[in-house]
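See below for the structure under consideration.
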Amino acid sequence: MNQLSSSKSGPLNGNITVPGDKSISHRSLIMGSLAIGESVISGLLEGEDVLGTAAAMKALGADIYKDDDGYWHVHGVGIGGLKQPDAPLDMGNSGTGVRLLMGLVSTHPITVTFTGDDSLESRPMKRVTDPLTGFGAEFEGSDDGTLPITVKGTSNPMPIKYELPVASAQVKSAVMLAGLNTPGITTVTETIPTRDHSERIFKYFGVPTSLEGDDIHVTGQAEITAKQMAVPADPSSAAFLVVAALITPGSDIVIKNVGMNPARTGLFSTLAEMGGYISFENKREECGENVADLHVKYSELSGITVPESRAPSMIDEYPVLCAAAAAAEGETVMRGIEELRVKESDRISVMVKGLKACGVNVTEHEDGMTVSKSDVTGGAVIKTHLDHRIAMSFLVLGMIAENPITADDGSVIETSFPGFTDLMNGLGANICS
């Protein structure tokens, strides 16, 4: 394990760019691998999760490499052209990668075994495998639906109509990807909107896709052609810097080229309602995605009740919101977020235990937590449970703690935010191993 400790920080100052959006990076590699021709991707997140998807797509037949200038080149095999891999696909810690690829391979006549690390092998997969059986795919694995799982793809896929029982962009995307090599129209119905990166990139690559009320229709077996992709900076990664600047006195930073997909910006709306200074500058659109530069200054925050309807647009950001809530006057109430219990860890339970160990006044609910303004004493070693967002959230909290806060394993941060420590320290943080 590689422990990281964060100590009280002076002001954060500077103009920086955070790594590329993880969700879009996964999808760029997948869609490029299905297109005819060469796609060139700039800004790809080079964290372990995305590199795992690149390795998986290579094993499935695509030619993928990075040039000396940092651009990624993807030579696709065409929809329906995936090949049988020679070995199981190890997806590491990536829930997004494994769920999307299960959907993709389920409608190809190949057999693929998916494995992962201890954390990923404890996460539920039935929410994906259940709808995919409707296409004709078969799944072999444990009774509880966890990895390792072997997918026996069908040679005669049938289109389905599927209503999401829970708000999940990963499940939605898995069904949409299965629909790519399925004749006819596959329909996904979502009554609670989730992030729409798949819909946007399907349209960008020319997949016949239409929206009709709550229904998303995908017409299968269309030929798609290669594209140039510029991946915007990940708003979920920017979130850690935004919160750090808002709670650290004297801070004034600019984060460039951040993805502003409306389905991903719930945290920024919440922080603004709490009194945070966040200015969205140089707004533009790139490759079907909204982008802006974020100007953030230290602010005196006040607690709010976060609307439950906002949860899908900030589900990954609740852990770091806890750091802001600990510095905000009054109470910050976060409910309707039981989805956090089946992430890389049970993020509600893990955050509550860690916050209490750091002197933060927090109450756990079955579907969330309430955090009150606290004198953050720190001095604790946090069990991260192989969860990158838990590790980064407590390192941000350590910047306002009286005593250092230590993450028991900082190496997991590389899955989503390579270079996190150096970037933070370059702005003025005090994080060390």
Inspect all residues belonging to the stretch 334-345 and state whether any of them is crowded, with 20+ Cβ neighbours inside 10 Å, in a helix (DSSP H, G or I) and of a type in the set (Val, Ile, Thr). no
Conditions (1) touching a residue at least 12 places away in the same chain (Cβ under 8 Å); (2) in contact with a His (Cβ under 9 Å, 6 or more places away or on another chain) -> Tyr65 fails only (1)
Only one of Thr265, Thr305, Thr248 is without any contact (Cβ under 8 Å) to a residue 60 or more places away in the chain, touching a helix residue (DSSP H, G or I) at 6+ places or on another chain (Cβ under 8 Å) and outside the structural domain of Met31 (by TED's automatic domain parsing), namely Thr265
When the stretch 251-262 is checked residue by residue, the ones that are over 20 Å from Leu397 (Cβ atoms), in contact (Cβ under 8 Å) with a residue 40 or more places away in the chain and out of contact with any Ser or Thr (no Cβ under 7 Å at 6 or more places or on another chain) are Asp252, Val254, Val258, Gly259, Asn261, Pro262
Restricted to the stretch 1-41 and to residues being part of a strand (DSSP E or B) and of a type outside the set (S, T, N, Q), the residue farthest from Asp422 (Cα to Cα) is Ile36
Is it fair to say Leu386 is in a loop (DSSP other than H, G, I, E, B), out of contact with any Pro (no Cβ under 8 Å at 6 or more places or on another chain) and under 22 Å from Asp234 (Cα atoms)? yes
Residue set Lys58, Lys8; condition in the same structural domain as Val412 (by TED's automatic domain parsing) and of a type in the set (D, E, K, R); output residue Lys8
Under 16 Å from the mean Cα position of the chain (by Cα) and either part of a strand (DSSP E or B) or of a type outside the set (Phe, Trp, Tyr) (or both): does that describe Ala272? no
Exactly one of Val333, Val320, Val296, Val291 is in the same structural domain as Gly10 (by TED's automatic domain parsing) and in contact with a Pro (Cβ under 7 Å, 6 or more places away or on another chain), and that one is Val291
Open item on the list: Taking the criterion of being assigned to a strand (DSSP E or B) and under 22 Å from the mean Cα position of the chain (by Cα), would at least one residue in the stretch 307-323 satisfy it?
Closed with: no
Heads up, the helices (runs of 4 or more DSSP H) in the stretch 113-212 (entirely inside) with at least 2 residues that are among the basic types (Lys, Arg) are 126-132, 197-204
Expected output for the stretch 157-186 (first residue in the same structural domain as Gly220 (by TED's automatic domain parsing) and buried (at least 24 other Cβ atoms within 10 Å of the Cβ), partner of a type in the set (Phe, Trp, Tyr) and not in a helix (DSSP H, G or I), Cβ below 7 Å, 6+ apart or cross-chain) is Val175/Tyr162
Would a scan of the stretch 64-81 turn up a residue that is of a type in the set (D, E, K, R), surrounded by fewer than 24 Cβ atoms within 10 Å (Cβ to Cβ) and not assigned by TED's automatic domain parsing to the domain that holds Asp196? no
Practice problem: Check the stretch 392-399 and report whether any residue there is surrounded by fewer than 24 Cβ atoms within 10 Å (Cβ to Cβ) and modelled with pLDDT of 95 or more. | Solution: no
Glu223: passes all of (1) over 17 Å from the mean Cα position of the chain (by Cα); (2) in the same structural domain as Ser393 (by TED's automatic domain parsing); (3) surrounded by fewer than 17 Cβ atoms within 10 Å (Cβ to Cβ) but (2)
Going through the stretch 330-382 in order, the residues found to be within 29 Å of Ser94 (Cβ to Cβ) and of a type in the set (S, T, N, Q) are Ser345, Ser349
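The values are calculated or read from the model by the stated rules, or taken from the named source; none is laboratory data. Everything numeric here is computed off the predicted structure, so don't read it as measured data. Using ideal geometry, Cβ is built from the backbone for each residue, glycine included, and neighbour counts are taken over all protein chains shown.
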